[in-house]
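See structure below.
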Amino acid sequence: MSADNSRSDVLLPLRNLCNSVRCSRDRVRDGESNECSGTFSLSNFWEILSEAVKATSQEATKLSLIFSKPPPPSEEDCAKIAESVQKSVLTLSTVYFWLPKSQGITLRKVVRDATAEVLDGLHQLLDVILSSPVQSLSQEQLMSTGGVWAACDQFNQLPKDNRSAVSGVLTSYVGLVKDALEEMEQALAETQDPFGDVVVDDDDDEGIGGRGNQDTY
């Protein structure tokens with residue numbers, strides 16, 4: 001068996017994981033929330049979601065480290081890390097779907113976008129690892145790992161209820177309108193009279209260089 005075929009067999013669990021993460025990301029982007037049949041606790045949701053995000057970040061770190069230096073991981077080790085990452089991905093996406101629409105469409109959109117960003121970052125990391133030599137830690141892999149961390153860290157700044165989410169959206173709109181008005185005012189201030197550089201002598205409108213009421217040809 002050639003070295004390329006051997007490496008392909010080792011990375012097969014990672015290829016399957018990459019496809020699974022992509023499917024989970026797309027499902028989060030396009031899927032509908034589960035109907036809440038009982039009492040929903042928003043505080044409990046955030047607590048569990050926070051743990052799921054933290055676990056996903058940790059798994060991304062482990063994944064990047066195991067493929068950062070020689071020797072390359074064995075087929076068994078590759079299968080184990082793929083299974084561990086897959087578990088964290090399924091947990092994260094499942095917890096997201098717990099958030100019902102009754103808690104607010106705006107809040108759900110904010111959480112959806114943040115969750116999809118984590119999964120997208122993880123998918124990019126897997127894609128980089130699969131396309132790079134096992135024995136090296138490329139700059140692209142470092143950046144992809146950092147991208148997952150950043151996507152996970154942003155959950156700490158997310159609004160925790162729909163009122164805060166709506167307020168954040170309105171604030172961003174106000175900022176955009178304010179910037180647009182400032183740009184318009186600046187443009188108007190910079191607009192000059194096309195004859196502004198012509199000096200008019202009030203004492204002699206008909207003099208040379210004057211701009212009187214007489215047509216000139």
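The values are calculated or read from the model by the stated rules, or taken from the named source; none is laboratory data. All values reported here derive from a predicted model rather than from experimental measurement. Cβ placement follows ideal geometry from the backbone for every residue including glycine, while neighbour counts extend to all protein chains displayed.
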All conditions in (1) surrounded by fewer than 20 Cβ atoms within 10 Å (Cβ to Cβ); (2) under 23 Å from the mean Cα position of the chain (by Cα); (3) farther than 24 Å from S164 by Cβ are true of I105 except (3)
Every listed condition ((1) free of Cβ contacts under 8 Å to residues at least 40 places away in the same chain; (2) surrounded by fewer than 16 Cβ atoms within 10 Å (Cβ to Cβ); (3) in contact with an Asp or Glu (Cβ under 8 Å, 6 or more places away or on another chain)) holds for I66 save (2)
Regarding L11, is this residue modelled with pLDDT of 95 or more and either under 28 Å from Q141 (Cα atoms) or among the β-branched types (V, I, T) (or both)? no
If you go through region 155-170 one residue at a time, how many are surrounded by 14 or more Cβ atoms within 10 Å (Cβ to Cβ) and without any contact (Cβ under 8 Å) to a residue 60 or more places away in the chain? 5
